[in-house]
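Let me begin by presenting the structure, written as structure tokens, before commenting on it.
Every number here is computed from the coordinates shown, using simple stated rules; none is lab data. Predicted model, so just to flag it, every value in this text is computed and none were measured. Neighbour counts are summed over all protein chains in view; Cβ atoms, including those assigned to glycine, are modelled from backbone coordinates with ideal geometry.
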Amino acid sequence: MDLPSFLWLWRIAAWSMGLTFCTYGLLAITGLGIRGLRQGEPPRSRPAWLRPLHLGLGLSLVGLVVLLLTIGIVGTLGEYGSLGHSWHLGAGLLVVSLVLASAVTGLRHTQTIAGRNRHLQVNGALLVALLLVLGTGWVVVQKYLP
């Protein structure tokens with residue numbers, strides 16, 4: 001299989017992971033802004049751009065996580081020929097599932113207080129999972145550095 005060098009993939013993954021954390025932070029800020037506006041001001045005085053921005057950032061997060069999953073699978077298969085050589089795969093799959101769960105709860109269940117709370121709980125778990133995948137990814141990267 002003629003794959004690009006792993007270092008090239010690692011660079012894309014590193015930038016994507018950094019963008020993932022930035023996007024998560026922006027999602028937290030815009031989400032808290034939506035929550036604050038929902039609690040404080042009348043509906044007609046809310047900025048119309050905040051929710052579409054939040055949704056666009058969420059879509060970007062889904063795309064980044066899918067890109068990272070693809071890079072991880074291609075890079076691992078290219079280097080080892082099989083998957084499951086570290087805890088990083090499990091942590092990555094957990095992040096993917098939590099990002100998808102966050103998207104579903106955000107799109108379908110935020111009309112109720114219970115749904116909003118579920119969305120916040122999923123995103124709290126997502127932060128922990130992102131930190132876990134960052135830590136396990138650092139261990140994986142150490143194998144390839146000279």
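Tell me the Rg and the Dmax, in Å, that the Cα atoms of region 6-144 produce.
According to the Cα coordinates of region 6-144, Rg and Dmax are 17.0, 57 Å.
How much mean residue ellipticity at 222 nm does the chain get from its helices, if each DSSP H run of length 4 or more adds -39500 (n - 2.57) and you divide by all residues, to the nearest 500 deg cm²/dmol?
Values: 4 runs with 119 residues, N = 146.
After summing the helix terms and dividing by residue count, I get -29500 deg cm²/dmol.
Relative to the longest principal axis of the chain, what angle (0 to 90°, nearest 10) does the C-alpha long axis of helix 88-108 take?
Helix 88-108 sits at roughly 20 degrees to that axis.
Between helix 50-80 and the chain, what is the angle of the helix's C-alpha long axis to the longest principal axis, kept within 0 to 90° and rounded to the nearest 10?
So the helix axis and the longest Cα principal axis differ by about 10 degrees.
Angle check, please: helix 113-144 long axis (alpha carbons) against the longest principal axis of the chain (alpha carbons), in degrees 0 to 90, nearest 10.
The two axes meet at around 20 degrees.
Among His109, His119, His85, rank each residue by its count of other Cβ atoms within 10 Å, from fewest to most, as a rough exposure measure.
On the way: His109 15, His119 21, His85 12.
Exposure proxy ranking, most exposed first: His85, His109, His119.
Give me the number: length gained by fully extending Gln39 to Ser82, i.e. 0.36 nm times residue separation minus the C-alpha to C-alpha distance, one decimal in nm.
Details: separation 43, 0.36 × 43 = 15.48 nm, distance 5.00 nm.
Stretched out fully, the Gln39 to Ser82 stretch lengthens by 10.5 nm.
Once you have all Cα-Cα distances for region 79-135, histogram them in 5 Å bins from zero and send the whole-percent values.
Going from the shortest bin to the longest, the percentages are 4, 21, 22, 18, 13, 9, 6, 4, 2, 1.
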